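A short worksheet on the structure shown next.
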Amino acid sequence: MKQKFCSLRGMSDILPSDIAAWQRLEATAREVFGVFGFNEIRTPIAEETALFERGVGEDTEVIGKEMYSFLDKGERNISLRPEGTASAARCYIEHAVHQREPVSKWFYIGPMFRYERMKTGRYRQFHQLGAEAFGIAEPQQDAELIQLALAFLQKLGIAQVRLELNSLGNADCRRRFSEKTHAYFSNHRHVLSADLQKTLDKNPLRLLDSKEEVMAPLIASAPLLLEHLDEASREHFEELQRLLRLSDIDFVLNPRLVRGLDYYSRTAFEIIADSPLLGTAGTVCGGGRYDGLMEQLGGPSTPAVGFAMGLERLCLLMGADAKPGFEGPLLFLADAGAGDEVWKLLLRLRKAGLVVEADLRGGSVKSQLKRANKLNAQYCLVLGEAELQTGKAQLKDMRNSTEREVVLAELEGMLR
Ligand code: HAM
């Protein structure tokens with residue numbers, strides 16, 4: 001029996017019938033991100049595993065449990081990227097971008113890979129649209145990024161969203177708070193599952209946004225990060241909130257928002273769409289400030305802030321709004337004995353930028369016209385010897401079955 005191949009679990013094909021939403025997302029991204037002064041970068045989908053371990057943090061779930069890692073033929077430890085920030089930072093350092101410009105604003109669109117438990121809105125290959133701004137420590141940059149994320153969603157017609165905001169303080173403050181959180185949950189270790197105990201020892205802050213039922217009452221009385229902020233981070237956070245109010249942007253403070261990646265300091269935010277279409281995967285955008293990452297990766301000290309959105313989730317939300325991808329050719333050429341001339345005309349019209357189809361299998365005129373109908377062609381032209389001799393043919397409008405005579409040499413101009 002022949003082996004039947006399927007795509008890997010959690011990795012999906014995007015067929016022409018679904019492509020319209022993706023193209024709309026990408027075109028809108030390029031437009032809106034361009035307006036905000038962000039330039040596109042493209043980095044490889046695989047990097048040295050150590051980049052992610054050092055950048056994102058070995059104790060995070062993404063790196064500890066979900067990476068697609070392997071040894072290549074040169075015995076190098078490689079991983080498919082689970083996110084885009086570490087790669088963008090690596091790229092910024094490698095090309096010494098800071099020597100050329102004090103501020104860089106980048107965006108990227110591409111596939112990311114995480115070996116996750118599958119459910120609606122959660123996949124193993126998924127696509128992110130990310131933005132990273134390097135060089136500005138002021139909260140103005142955080143506010144601009146949040147404005148950008150919301151402007152993009154609004155342009156897509158996704159307006160029912162909630163912006164949640166928190167500050168994680170500086171690295172010192174985060175470390176102290178992590179110890180405090182560890183001490184607090186350690187007092188309740190006996191009610192924690194083995195998995196939660198592991199999280200407690202590796203990354204106690206993650207317990208604060210655990211969704212497990214047993215955790216709810218514990219989290220409700222856990223220490224609050226916002227109450228332990230250092231003075232500079234507090235001022236930064238207050239100024240960010242003032243700027244958001246100034247921009248008429250609604251937000252809710254969520255002191256439990258800690259994010260799943262280790263590089264964040266100060267601002268952390270998420271944009272959540274409360275839609276049944278997304279099940280429990282309502283977070284369409286996550287981001288924050290990561291002022292320490294560049295140095296951690298061996299680069300120059302560079303303040304930075306960014307976000308990424310999950311495009312599959314946006315597609316689910318856009319759903320029926322997106323038009324079908326392929327609307328049918330403008331013209332279908334049917335061959336009734338014109339042979340090579342059909343072939344030549346097809347090429348001539350396509351070179352002129354017109355969407356023209358023919359049935360490359362040949363066959364009877366009847367079967368070719370059936371094909372034209374199936375493709376939803378707007379016009380059809382049947383070419384035989386008579387048409388070639390007179391240089392004229394009947395152009396049939398397939399939508400209302402009317403016909404009119406056209407001069408073949410003038411087809412381009414006429415069809416336009
Ligand atoms: P993240 O929160 O891990 O952040 O991912 C950002 C977004 O990607 C999520 O809010 C979600 O929409 C989408 N996403 C994540 N995992 C999956 C999945 N398995 N399936 C479908 N969608 C998913 C980051 O990745 C950071 N690099 C964001 C960032 C950029 N922070 C600063 N700059």
*Within the range 283-353, helices (runs of 4 or more DSSP H) holding 1 or more residues that are under 32 Å from the mean Cα position of the chain (by Cα) and of a type in the set (D, E)*: 293-296, 311-318
*Quick one: count up the residues across the range 283-298 that are among the polar types (S, T, N, Q) and near the ligand (Cβ under 9 Å from one of its atoms).*
1
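Residues N400, N373: which one is farther than 30 Å from A89 by Cα, out of contact with any strand residue (DSSP E or B) (no Cβ under 8 Å at 6 or more places or on another chain) and either without any contact (Cβ under 8 Å) to a residue 12 or more places away in the chain or within 16 Å of the ligand (Cβ to nearest atom) (or both)?
Values: N373 fails: either without any contact (Cβ under 8 Å) to a residue 12 or more places away in the chain or within 16 Å of the ligand (Cβ to nearest atom) (or both).
On inspection, the qualifying residue turns out to be N400.
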*Kindly provide the set of residues from the range 195-219 that are over 22 Å from A281 (Cα atoms) and either open to solvent by 50 Å² or more (accessible area, probe 1.4 Å) or of a type in the set (A, V, I, L, M) (or both), ordered by number.*
Q197, K198, L200, D201, K202, P217, L218
_Residue under question is T267, and the condition is that it be within 13 Å of the ligand (Cβ to nearest atom) and at pLDDT 95 or above; does it hold?_
yes
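For the range 1-44, how many residues are farther than 23 Å from L80 by Cα and aromatic (F, W, Y)? Can you show your working first?
Within the range 1-44, the subset farther than 23 Å from L80 by Cα is 1-4, 15-21, 23-25, 27-39.
Now drop any that are not aromatic (F, W, Y), which leaves 33, 36, 38.
Matching residues across the range 1-44 total 3.
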*asked:* For the condition out of contact with any Cys (no Cβ under 6 Å at 6 or more places or on another chain) and either open to solvent by 20 Å² or more (accessible area, probe 1.4 Å) or away from the ligand (no atom under 15 Å from the Cβ) (or both), what is the one hit in L145, L192?
replied: L192
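Output the strands (runs of 3 or more DSSP E) that fall wholly within the range 356-416 and possess 1 or more residues being buried (at least 19 other Cβ atoms within 10 Å of the Cβ), or say none.
Working: elements: 356-358, 379-383, 392-397, 402-407.
Hits in the range 356-416: 356-358, 379-383, 392-397.
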_Tally up the residues in the range 376-393 that are in contact (Cβ under 8 Å) with a residue 40 or more places away in the chain and not hydroxyl-bearing (S, T, Y), please._
11
_Pair list, Cβ under 6 Å, 6 or more apart: the range 240-267 residue under 22 Å from F152 (Cα atoms) and open to solvent by 40 Å² or more (accessible area, probe 1.4 Å), other residue in a helix (DSSP H, G or I) and polar (S, T, N, Q)_ = S247/Q147
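Which one is nearest to T85 (Cα to Cα) among residues in the range 133-189 that are part of a helix (DSSP H, G or I) and of a type in the set (K, R)?
Here is the first cut: in the range 133-189, the ones part of a helix (DSSP H, G or I) are 139-155, 171-186, 189.
Remaining after also requiring of a type in the set (K, R): 155, 174-176, 180, 189.
Numbers: K155: 24, R174: 20, R175: 22, R176: 25, K180: 28, R189: 34 Å.
Ranking the qualifying residues of the range 133-189, first place goes to R174.
What tally of residues in the range 112-125 results from selecting those that are part of a loop (DSSP other than H, G, I, E, B) and either open to solvent by 40 Å² or more (accessible area, probe 1.4 Å) or modelled with pLDDT of 95 or more (or both)? First the steps, then the outcome.
From the range 112-125, those part of a loop (DSSP other than H, G, I, E, B) are 114-118, 120-121, 123-124; that's our starting set.
From what is left, the residues that are either open to solvent by 40 Å² or more (accessible area, probe 1.4 Å) or modelled with pLDDT of 95 or more (or both) are 114-115, 117-118, 120, 123-124.
Selection size over the range 112-125: 7.
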*Within the range 272-282, considering residues that are open to solvent by 20 Å² or more (accessible area, probe 1.4 Å) and part of a helix (DSSP H, G or I), the one nearest to the ligand (Cβ to nearest atom)*: L277
*Return the pairs, sorted by first residue and then second, in which the second residue is modelled with pLDDT of 95 or more and part of a strand (DSSP E or B), the first residue lies in the range 287-304 and is over 17 Å from A268 (Cβ atoms) and β-branched (V, I, T), the beta carbons are less than 6 Å apart, and the residues are 6+ apart or on different chains.*
T302/F134
*Looking at L218, L205, L150, L224, which is the one that is touching a residue at least 24 places away in the same chain (Cβ under 8 Å) and under 30 Å from F36 (Cβ atoms)?*
L150
*Filter the range 164-183 for residues that are touching a Ser or Thr at 6+ places or on another chain (Cβ under 9 Å) and open to solvent by 40 Å² or more (accessible area, probe 1.4 Å); which is modelled with the lowest pLDDT?*
A171
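The values are calculated or read from the model by the stated rules, or taken from the named source; none is laboratory data. Since we're looking at a predicted model, the values are computed, not measured. Here Cβ is always computed from backbone atoms with ideal geometry, including for glycine, and neighbour counts include all displayed protein chains. Surface accessibility is based on the protein's heavy atoms, side chains included, excluding ligands, DNA and RNA. Shrake-Rupley method; radii C 1.70, N 1.55, O 1.52, S 1.80 Å.
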